[in-house]
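Structure record follows, encoded as structure tokens.
The values are calculated or read from the model by the stated rules, or taken from the named source; none is laboratory data. Note that the structure is predicted; figures quoted are calculated from it, not measured. As a convention, Cβ positions derive from the backbone with ideal geometry for all residues, glycine included, and neighbour counts pool all protein chains shown. With ligands, DNA and RNA removed, areas are computed over all heavy atoms of the protein, side chains included. Shrake-Rupley method; radii C 1.70, N 1.55, O 1.52, S 1.80 Å.
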Amino acid sequence: MNLIWLIGSLLLASVSCLNTHRHLWKKITESLNTKNVREPHNKLYSLPMDDNGKFELKWTPLFNEEKVVFLLKAQLSKKSWIGIGFSDYGNLTGSDLCFYWEDWRGRGHMQDTRVLENGTLVVDDQQDCEGFQYSRHNNSLLLTFTRKWITCDPKDYKIEDGTVHVTYVTGPGPLFSLDGINVKDENHGFQRTRLLQVNGDEQEDSQYFDVLSNNAVIPPKETTYWCRVQKIPEVFKDKHHVIQFEANIQAENEGVVHHIEVFYCEVAETANLPLYSGPCDGTERPQTTQACKRVIAAWAMGAGPFSYPKEAGQTFGGSSFSRYIMLEVHYNNPRLKKGIVDNSGIRLYYTKKLRKHDAGIIELGLEYTDKMAIPPLQEEFVLSGYCVPECTAVGLPQNGITVFGSQLHTHLTGKRVMTRHIRNGRELPPLNQDLHYSPHFQEIRLLREPVNVLPGDSLITSCWYDTTHRKNVTLGGFSISDEMCVNYIHYYPKADLEVCKSSVSDQKLNDYFEFINSWEDQPTDTSRAISENYRAISWTPLRAKLLDDFYTHSAISMQCNKSDGNRFPGVWEGMNNVWPKLQVLDEDTNCEG
């Protein structure tokens, strides 16, 4: 049965047969979660669009048809209008909206529109908001429509596999038409999600335990990162496999819990850590808890459960496993509400029945070092970290590894991330990419198709940064105001290789500081700390371009490390940096003419 026909039929039938709008919503959502949907990846996902529960978006991706079916439930006074759609990074101006409005007779319409830079609404010549149906019950509005991933209209947003900024705007009606309507000052907002979600395998024979924030008192400020260090249950003195994790959000706080991560504390099994609970950047946070930094689970608003393949599981517990983990919750409280107490976290599903393979995590990208820096006032500056063929050759098993998940990671200035995959000099499809990346939406994502990485393959992780609002250089490092460029790939079978990252060669960096001193008359001195030298430079567009050229062509230093932190045998300093030209691979549009 065609899914779009099913939704439309349910809407029309339900309006006449059901007494309330609430029943209609329940009927449609239940239908989308039944076997009427034949495609293996289809599932209904949900996203609260605001923090007061007035707007809720549900959707299901149709992978075979390359469409998304949307269901929007809104508390909206009669004859009011709402536009819902997409923009590059959440801006209302420049957004592509499916716009619902009512005329003076109360009849509903939907049109494909875009918002100009001055806030004026323009109706597209090509209409791509398809399958529109709606129902009203008092101030409750339910509407459904479909949207192709790629419409072949150059003015439309391309729905890609990565972060999508879902944007909305509402205002009072009725309207006679949309021509000339200015929406810039109307109520609007956005949420980030991955529309093209992929379902994992169904899990069986598992138990779970919750890693929760435990009555965290959220301060009345927009952004709070809350950390809680805790001991794992005694059952994990024996080795288990974690096979799935998902969010466990306190119902009334769904609008303020933005993303969550669980970190493994890399300390000895016999070590004792303080059970700190408080702001992650709090001055009272014990320094010893900084050892809790290896990601083992991550969720972001709009994400579904993350399931391991049936043949693999993440090792959790055992004789060499430390007893501590740390929960980190990002709270987004733009209304500055007081008195929020939260008990949200992540639910980890585990089994004592070990699977065929231990899953592993490899860190790709750049070292956490101030040798890498981003000049200020850059709209787009690129840094790349290399996992060279010499490292994968000694670190991976003969038949390679199967990568099934990936978490891309930067700090606050990251705007795009990609990991390229090169074999024998030929570029394969990206291992993962996010062309509208946001550091505020970080999740471990199942890949649509697992990727086989062989010994001798190269993996190059590149990050694009925007420092237009920073007055001085941004350095690589651990602080939130520093930067990172990392891809944590999840794979099986577990190999000895755990870190495959690079930075520029120490000697070449000294050469650069000497050059910038001699030819640009900058007060750099190789006897000073690296950070001091970068900060001493008075950055101009020319000097930023020189730094970019230096990074592109400089020899590199490799961290080709085992799980115990030691490097594999080899010469890893001063390695050549010669790779195919960096490019952003676009989706195949299949748009002819």
Practice prompt. Could you tell me whether any residue of segment 409-422 is at pLDDT below 95 and under 12 Å from Ser462 (Cα atoms)?
Written response: yes
Item to complete: Identify all residues within segment 163-197 that are among the acidic types (Asp, Glu) and in contact (Cβ under 8 Å) with a residue 24 or more places away in the chain; write none if there are none.
Response: Asp179, Asp185
Fill in: Among the residues listed as Leu47, Leu72, the single one being assigned to a strand (DSSP E or B) and more than 21 Å from the chain's Cα centre (by Cα)
Leu72
Discussion item. When you check Asn487 against the structure, is it in a strand (DSSP E or B) and among the polar types (S, T, N, Q), yes or no?
Written reply: yes
Fill in: Evaluation of Lys239 against (1) closer than 29 Å to Tyr45 by Cα; (2) more than 24 Å from the chain's Cα centre (by Cα) (one fails), failing number
(1)
Item to complete: Identify the single condition in (1) under 14 Å from the mean Cα position of the chain (by Cα); (2) assigned to a strand (DSSP E or B) that Leu428 does not satisfy, given that it satisfies every other one.
Response: (1)
Worksheet entry | Candidates Asp201, Asp161, Asp205, Asp210 - the one that is open to solvent by 40 Å² or more (accessible area, probe 1.4 Å), in contact with a Lys or Arg (Cβ under 8 Å, 6 or more places away or on another chain) and part of a strand (DSSP E or B) | Asp210
Worksheet, complete the sentence: In segment 452-484, residues that are part of a strand (DSSP E or B) and under 18 Å from Gln378 (Cα atoms) total 8
Discussion item. Take Tyr350 and tell me if it is assigned to a strand (DSSP E or B), open to solvent by 10 Å² or more (accessible area, probe 1.4 Å), over 23 Å from Val499 (Cβ atoms) and not small (Gly, Ala, Ser).
Written reply: yes
Worksheet item: Based on what the data block shows, is Thr369 open to solvent by 10 Å² or more (accessible area, probe 1.4 Å), within 30 Å of Phe550 (Cβ to Cβ) and of a type in the set (Val, Ile, Thr)?
Response: yes
Worksheet item: So how many residues does segment 237-257 have that are surrounded by fewer than 17 Cβ atoms within 10 Å (Cβ to Cβ), assigned to a helix (DSSP H, G or I) and in contact (Cβ under 8 Å) with a residue 24 or more places away in the chain?
Response: 1
Discussion item. Suppose we filter segment 226-236 for residues that are over 15 Å from Tyr264 (Cα atoms), in contact (Cβ under 8 Å) with a residue 12 or more places away in the chain and surrounded by fewer than 21 Cβ atoms within 10 Å (Cβ to Cβ); how many remain?
Written reply: 1
Worksheet item: With respect to Thr552, is the statement that it is assigned to a loop (DSSP other than H, G, I, E, B) and either in contact with a helix residue (DSSP H, G or I) (Cβ under 8 Å, 6 or more places away or on another chain) or more than 19 Å from Gly477 (Cα to Cα) (or both) true?
Response: no
Practice prompt. Would you mind finding the one in Thr223, Thr283 that is surrounded by fewer than 19 Cβ atoms within 10 Å (Cβ to Cβ), under 20 Å from the mean Cα position of the chain (by Cα) and not charged (D, E, K, R)?
Written response: Thr223
Worksheet entry | Residue count for segment 172-192, restricted to those that are under 27 Å from the mean Cα position of the chain (by Cα) and either in a loop (DSSP other than H, G, I, E, B) or under 14 Å from Phe99 (Cβ atoms) (or both) | 1
Practice prompt. Return the total of residues in segment 465-478 being in contact (Cβ under 8 Å) with a residue 24 or more places away in the chain and over 11 Å from Thr369 (Cα atoms).
Written response: 9
Discussion item. If I ask for residues that are of a type in the set (Gly, Ala, Ser) and either without any contact (Cβ under 8 Å) to a residue 12 or more places away in the chain or under 16 Å from Tyr368 (Cβ atoms) (or both), which ones from segment 480-528 would you list?
Written reply: Ser481, Ser502, Ser503, Ser518, Ser527
Response to the item:
Pairs returned, first residue in segment 529-553 that is within 13 Å of Val382 (Cβ to Cβ), second residue that is open to solvent by less than 20 Å² (accessible area, probe 1.4 Å) and not basic (Lys, Arg), beta-carbon separation under 6 angstrom, 6 or more apart or interchain, are Ala544/Pro375; Phe550/Tyr512
Practice prompt. Show the residue pairs that are 6+ apart or on different chains and have beta-carbon atoms under 9 Å apart, the first residue being within segment 565-582 and within 14 Å of Ile422 (Cα to Cα), the second being at pLDDT below 90.
Written response: Pro580/Gly425
